[in-house]
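First comes the structure, then the notes that go with it.
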Amino acid sequence: MKLIVRDVPPRSSWALEQAGVHPLLARLYAARGVQSLEELDDGLAKLLPPSGMKGCLEAAKLLADAIAADKKLCIVADYDCDGATACATGVRGLRLLGAKHVNYLVPDRVVDGYGLTASIADRVKAQGADMLITVDNGIASVEGVARATALGLQTLITDHHLPGDTLPLADVIVNPNQPGCTFESKSIAGVGVMFYVLLALRAELRERGVFTQATQPKLDALLPIVALGTVADVVKLDANNRRLVAQGIKRLRAGISPAGIASLFVAASRKMPIASTFDFGFALGPRINAAGRLSDMTLGIECLISDDASRTDELAKQLDAINRERRDIESGMREQAEAALQYMFADDEPPDSHPSGVAIFDPEFHEGVVGIVASRIKDKLHRPAFVFAASAAPGQEHLLKGSGRSIAGFHLRDALDWIAKKHPGLLIKFGGHAMAAGCTIEEEHFETFEAAFAEVAALWIDQATLARRLETDGPLPAEYRRADMADTLNQTVWGQGFAPPIFSEEMEVVSQRLVAEKHLGLKLKHQGQLVDAIWFGHTEPLPAKAHLAYRLESDEWQGVKRVKFFIEGMAG
């Protein structure tokens, strides 16, 4: 692995420090492109205005008219954490703003697939709805919107995914990535788009005299849910997204939380007064996602919508149990996938001889977990990876559902487009982003896909891209090797596109031992001082001196906080 130290623009670092930012934080922020204190202002007043998002004001008028006419609204959600939080935000927010009839519908991952389909439009109509609202989906649902319109439903699409060549003919589309939208935060999550629609709706209702500035409902109560969905969807944390997340976390730390999020913190054994983006990404988010992968995302949405603490406690326990099941299934699948890789690639083969893109299928795989396993394989090989499972939908046993994850420098959705053009009919359907995508193929065509995926990866990826690289922030000054400094760092909003600090330097390895047979416990000498460290998931012994990349963490034992290094990698 090659450790790359981030460049720190000296002027930016100096300007931030002069403005009162802690010297270490000033250095870290500057290395991530922050140039002024204003960019770090996370106040709600600094949020980009809803008027800048194409379709937002039109959506507000459409919804305000619907509320005035007492129409029945149905939100069509998605079955990941972004979709669940966007749905909960929509239901809660619309009810706060006066909508009396707000329902929701979650597609079944197995039966319905992704997005608004014609059959889902039929089900929305059968519920008696007058308006169909999508969250975190719909931008590609040309047929679904057409069916909804034919049924007499008004349609409002709220989404953040990239559109296809043809936009659906909805009444209104709100999506920062649609043609003609100048909204600066193109990476806003689906839950963020829905929150912006609600902000615009509240302003429209004020304009109509329904509320005044003094009597209008406070939508900031939704921000913990918005923050959860934003972090869990791994969107880039640009300045606007960081503000949304920071505002949500501030409320949680102050004890202001929807009942469901408080219950999820308890179920995940996390502490809300010290809530962080890590909690959202690795504790709460996976529990919500597990419902969509293995069960019914209705559990996750109900947990976020309900104000009954006893009910949300029970739902959070169910989500925790489902997540444990998900981890067991994932572990078994990962072992099978790694066994397949060992069969495909001999241990003595040099890494350069491996295909640049890897596709794996096993009849025993569970389609709800293929994305997670693809991510693990991608991390292990540092190559784009697709994992396929047989469809569990009745009558579709001959189909394979695949999920892929990529590395920086290889656009996965574009690669699928290339395969579709070179092999017409191979991909029954496909979609996604640069780093994550999915597709459906016939089982008999798996080897064709495998070869095509390896081919496009070989064409588009050079050896420099395949080399493992880890960006770091260089050495940690000894005076900042403190538990309180670790806590300060953990209180900052870090995430995708605004990476958490990783320091790196050569250290003496004083002692090392296996922990639970799968982690490496270490004692290191950092600038003359002994420090405990752990390398999760690593069992190979280290040399006497090693150039290590690590996170600064605090570890509490018997009421005493100590510094601990969490190792992320080693140069070599």
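The values are calculated or read from the model by the stated rules, or taken from the named source; none is laboratory data. Everything numeric here is computed off the predicted structure, so don't read it as measured data. Ideal geometry is used to build each Cβ from the backbone, glycine not excepted, and the neighbour counts take in all protein chains shown.
In the stretch 4-17, the residues that are more than 20 Å from residue 502 (Cα to Cα) and in the same structural domain as residue 499 (by TED's automatic domain parsing) never reach a residue that is modelled with pLDDT under 95 and of a type outside the set (A, V, I, L, M, F, W, C) with C-beta atoms less than 6 angstrom apart, at least six apart or across chains.
The lone criterion from (1) surrounded by 20 or more Cβ atoms within 10 Å (Cβ to Cβ); (2) assigned to a helix (DSSP H, G or I) left unmet by residue 524 is number (2).
Scanning the stretch 119-148 for residues that are small (Gly, Ala, Ser), modelled with pLDDT of 95 or more and surrounded by fewer than 20 Cβ atoms within 10 Å (Cβ to Cβ) turns up 126, 128, 146. Please indicate, with yes or no, whether at least one residue in the stretch 481-495 is touching a residue at least 24 places away in the same chain (Cβ under 8 Å) and farther than 30 Å from residue 272 by Cα. The answer is no; no qualifying residue exists.
When you go through 61, 100 one by one, which is the residue that is part of a helix (DSSP H, G or I) and in the same structural domain as residue 190 (by TED's automatic domain parsing)? Before you say what the answer is, go through the steps one by one.
Working: 100 fails: part of a helix (DSSP H, G or I).
61 is the lone residue from the list that is part of a helix (DSSP H, G or I) and in the same structural domain as residue 190 (by TED's automatic domain parsing).
Candidates are the residues of the stretch 404-428 that are of a type in the set (Gly, Ala, Ser) and surrounded by fewer than 24 Cβ atoms within 10 Å (Cβ to Cβ); the one that is farthest from the chain's Cα centre (by Cα) is 425. If you filter the stretch 34-54 down to residues that are in contact with a Leu (Cβ under 9 Å, 6 or more places away or on another chain) and farther than 30 Å from residue 13 by Cβ, you find that the one that is surrounded by the fewest Cβ atoms within 10 Å (Cβ to Cβ) is 49. Only residues that are buried (at least 22 other Cβ atoms within 10 Å of the Cβ) and in contact (Cβ under 8 Å) with a residue 40 or more places away in the chain were counted across the stretch 287-301, and they come to 8. Test residue 543 against the criterion of being under 30 Å from residue 32 (Cβ atoms) and either part of a loop (DSSP other than H, G, I, E, B) or over 26 Å from the mean Cα position of the chain (by Cα) (or both), and give yes or no. So residue 543 fails the test.
Applying the condition of being of a type outside the set (Lys, Arg) and over 15 Å from residue 289 (Cβ atoms) to the stretch 319-334 and asking which residue is surrounded by the fewest Cβ atoms within 10 Å (Cβ to Cβ) yields 328. Among the residues of the stretch 432-444, those that are buried (at least 17 other Cβ atoms within 10 Å of the Cβ) and of a type outside the set (A, V, I, L, M, F, W, C) comprise 432, 438, 440.
If the condition is being farther than 24 Å from residue 233 by Cβ and in contact with a strand residue (DSSP E or B) (Cβ under 6 Å, 6 or more places away or on another chain), then the stretch 128-142 contributes 129, 131.
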